Amino acid sequence: MKGTLNDQSLIYRQIAQLLEDGILRGEYPADTQVPSTNELARAFNINPATAAKGINRLVDEGLLYKRRGIGMFVAPGAAEALRQKRRENFAKTQVKAFVREAKRLGLTQQELYSLVKAQAQEEQLP
Amino acid sequence: MTTITKAPAPQPLQADKLCKNYGKQPVLQDLDLTFEPGRIYGLIGRNGAGKTTLLGILSGQNYATGGRALYGGQPVWENSAVLGNLHFAREMSAASELAGLSVKNFLRAGRLFCPYWDQNYADELIKKFELPNKMINRLSRGQMSMVSITAALASRAPVTLLDEPTAGLDVVARERFYRILLDEYQRTGRTFVISTHIIEEAASVFEKVVILDEGKEVADQNTEDLVEQFRYISGPAAELDAALAERGITPLQTQVLGGHKMVAVRGEEALFEELAARDGLTVEGMNLQNVFVALCGHGDEEG
């Protein structure tokens with residue numbers, strides 16, 4: 001797992017996000033075990049209850065499941081569900097903020113589209 | 001060979017309508033608090049807010065003017081049946097009579113005072129903190145802090161109260177302390193109550209926080225649940241004022257820079273989403289330190 005925590009957003013959300021990122025990148029395929037509460041607490045120097053809250057958030061969303069006495073595992077289809085969730089979030093928050101900034105800068109719709117298009121080509125989006 | 005008596009599970013520690021005056025000066029006012037067993041609490045407040053006094057009374061080392069400290073429902077004051085369960089670590093003074101002892105001798109004396117003392121653990125911590133075996137009054141301030149931290153941890157007391165344990169420590173030693181604390185907590189599930197004003201780096205260690213302001217409790221909550229109730233809202237002053245007035249919100253803290261204004265607000269997720277949806281307004285999260293300043297700064301952050 002990569003990444004460090006910052007103090008600008010709630011720790012349990014950052015833990016949830018870290019695990020989500022790992023699932024999306026394919027570091028934790030379906031039915032593999034994710035780090036335990038204690039491992040996360042030790043790795044990031046955080047209270048284990050907070051680490052557990054981050055994990056439970058993913059359990060509540062059906063992305064992780066518990067094997068009693070063993071640990072937490074990635075649910076089948078978790079990566080796809082996450083991609084869907086992030087797409088919705090992307091439209092709702094990031095695109096909105098992005099367009100608002102364009103508005104503040106006085107860009108026209110045409111100018112904005114051509115900027116996006118150029119970047120999309122550079123990144124070779126299909 | 002010494003034998004270690006296994007410490008019992010922690011019980012709740014309570015302040016029951018606790019009051020304390022020094023002369024006519026009220027220091028603690030009608031405090032009702034419960035420190036639940038097996039959690040790490042942060043106790044935060046400004047200088048003079050009453051943190052040390054509260055910890056002293058909770059551990060039976062100071063007496064209350066009114067109300068009581070209770071451990072497992074029993075009064076703490078002069079009650080030898082419960083006092084062995086509580087350890088209060090405070091900053092050591094080079095002038096104290098114990099400061100003439102060497103670090104090792106001082107820590108060997110721990111078993112005389114602490115029923116669950118773990119000498120092996122004390123020895124291990126001396127190594128981890130790289131403490132030299134000098135007389136205590138020859139140590140640096142940070143090293144003295146490490147000695148009282150070592151005594152507190154090795155006491156294996158079910159409830160351990162630490163008053164500003166990190167005050168004299170450099171950043172490396174502070175990180176090491178919190179790591180050791182979390183290891184011990186995961187191993188034993190002891191209750192820890194830690195006062196500090198180096199807040200932000202400790203925030204992730206505290207499951208719960210109690211905030212004192214002028215002897216009164218202003219917050220007693222799960223750390224992240226508390227932080228989640230606060231946001232900075234900023235934008236053009238006129239728009240921001242209108243949005244706040246519409247909803248009858250009184251900001252906790254205000255900062256004005258020309259025509260731009262930023263306020264600290266306490267509220268719910270729905271309110272923050274509403275404000276964020278307004279054109280021109282920006283909503284940003286806070287950290288525990290920001291929340292503390294918003295609650296205890298009395299609105300006086302410079303304009």
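The values are calculated or read from the model by the stated rules, or taken from the named source; none is laboratory data. The structure presented is a predicted model; accordingly, all values stated were derived computationally and were not measured. Methodologically, a virtual Cβ is constructed for each residue, glycine included, from the backbone with ideal geometry; neighbour enumeration extends over all protein chains shown.
The requirement of being without any contact (Cβ under 8 Å) to a residue 60 or more places away in the chain and within 20 Å of residue B:176 (Cβ to Cβ) is satisfied by residue B:107. Looking only at residues in the range B:166-189 that are touching a Gly at 6+ places or on another chain (Cβ under 7 Å) and not in a helix (DSSP H, G or I), the one that is farthest from the other protein chains (Cβ to nearest Cβ) is B:168. Scanning the range B:258-282 for residues that are closer than 14 Å to residue B:241 by Cα and in a strand (DSSP E or B) returns B:260, B:261, B:262, B:263, B:264, B:265, B:282.
Of the residues making up the range B:190-210, those that are more than 9 Å from chain A (Cβ to nearest Cβ) and more than 21 Å from residue B:57 (Cβ to Cβ) are B:198, B:199, B:202.
Condition check: within 24 Å of residue B:28 (Cβ to Cβ) and more than 14 Å from every other protein chain (Cβ to nearest Cβ). Does residue B:251 satisfy that? No, not satisfied. Within the bounds of the range B:9-26, is there any residue that is of a type in the set (Ser, Thr, Tyr) and part of a loop (DSSP other than H, G, I, E, B)? No; the residues of the range B:9-26 include none that is of a type in the set (Ser, Thr, Tyr) and part of a loop (DSSP other than H, G, I, E, B). Within the range B:211-231, the set of residues being part of a strand (DSSP E or B) and facing chain A (nearest Cβ under 9 Å) comprises B:222 only.
Looking at the range B:2-25, can you tell me whether even one residue there is buried (at least 19 other Cβ atoms within 10 Å of the Cβ), over 16 Å from residue B:193 (Cβ atoms), touching a residue at least 12 places away in the same chain (Cβ under 8 Å) and away from chain A (no Cβ under 14 Å)?
There is at least one residue in the range B:2-25 that is buried (at least 19 other Cβ atoms within 10 Å of the Cβ), over 16 Å from residue B:193 (Cβ atoms), touching a residue at least 12 places away in the same chain (Cβ under 8 Å) and away from chain A (no Cβ under 14 Å).
Can we say residue B:275 is of a type in the set (A, V, I, L, M, F, W, C), under 28 Å from residue A:11 (Cα atoms), touching a strand residue (DSSP E or B) at 6+ places or on another chain (Cβ under 9 Å) and touching a residue at least 12 places away in the same chain (Cβ under 8 Å)? Spelling it out, residue B:275 is indeed of a type in the set (A, V, I, L, M, F, W, C), under 28 Å from residue A:11 (Cα atoms), touching a strand residue (DSSP E or B) at 6+ places or on another chain (Cβ under 9 Å) and touching a residue at least 12 places away in the same chain (Cβ under 8 Å).
Residue check: is residue B:240 over 22 Å from residue B:49 (Cβ atoms) and more than 11 Å from every other protein chain (Cβ to nearest Cβ)?
Yes, satisfied.
Among the residues in the range A:81-93, are any without any contact (Cβ under 8 Å) to a residue 12 or more places away in the chain, more than 10 Å from chain B (Cβ to nearest Cβ), in contact with a helix residue (DSSP H, G or I) (Cβ under 8 Å, 6 or more places away or on another chain) and exposed (fewer than 15 other Cβ atoms within 10 Å of the Cβ)? No.
Of all residues in the range B:195-210, at least one satisfies being in a strand (DSSP E or B) and closer than 22 Å to residue B:253 by Cα. Of the residues making up the range A:23-35, one or more are among the hydrophobic types (A, V, I, L, M, F, W, C) and part of a helix (DSSP H, G or I).
Scanning the range A:73-126 for residues that are closer than 30 Å to residue A:34 by Cα and of a type in the set (A, V, I, L, M), which turns out modelled with the lowest pLDDT? Before the answer, list the steps.
In the first step, residues of the range A:73-126 are kept if they are closer than 30 Å to residue A:34 by Cα; the result is A:73-94.
Next, only the ones that are of a type in the set (A, V, I, L, M) stay: A:74-75, A:78-79, A:81-82, A:91.
On the way: A:74: 97, A:75: 97, A:78: 96, A:79: 96, A:81: 96, A:82: 95, A:91: 87.
The residue in question is A:91.
Can you name the residue in the range B:254-283 that is within 14 Å of chain A (Cβ to nearest Cβ) and surrounded by 15 or more Cβ atoms within 10 Å (Cβ to Cβ) and, of all such residues, is nearest to residue B:225 (Cα to Cα)? Ranking the candidates gives B:272 first.
Scanning the range B:70-104 for residues that are in a strand (DSSP E or B), surrounded by fewer than 19 Cβ atoms within 10 Å (Cβ to Cβ) and in contact (Cβ under 8 Å) with a residue 24 or more places away in the chain gives a single hit, B:102. The listed residues are B:67, B:38, B:42, and the only one of them that is assigned to a strand (DSSP E or B) and touching a residue at least 60 places away in the same chain (Cβ under 8 Å) turns out to be B:42. Looking only at the range A:36-63, filter to residues that are away from chain B (no Cβ under 14 Å) and not in a helix (DSSP H, G or I); which one of those is surrounded by the fewest Cβ atoms within 10 Å (Cβ to Cβ)? If we take residues in the range A:36-63 being away from chain B (no Cβ under 14 Å) and not in a helix (DSSP H, G or I), then A:62 is surrounded by the fewest Cβ atoms within 10 Å (Cβ to Cβ).
In the range A:15-22, the count of residues that are closer than 28 Å to residue B:175 by Cα, more than 14 Å from chain B (Cβ to nearest Cβ) and aliphatic (A, V, I, L, M) is one or more. Applying the criterion of being closer than 23 Å to residue B:18 by Cα and either in contact with a Gly (Cβ under 7 Å, 6 or more places away or on another chain) or at pLDDT 95 or above (or both) to the residues of the range B:196-215, the residue that is surrounded by the fewest Cβ atoms within 10 Å (Cβ to Cβ) is B:213. The listed residues are B:160, B:150, and the only one of them that is within 25 Å of residue B:113 (Cβ to Cβ), among the β-branched types (Val, Ile, Thr), away from every other protein chain (no Cβ under 14 Å) and part of a strand (DSSP E or B) turns out to be B:160.
Test residue A:28 against the stated conditions and say whether it is surrounded by 14 or more Cβ atoms within 10 Å (Cβ to Cβ), within 14 Å of another protein chain (Cβ to nearest Cβ) and either touching a Gly at 6+ places or on another chain (Cβ under 7 Å) or modelled with pLDDT of 95 or more (or both). So residue A:28 fails the test.
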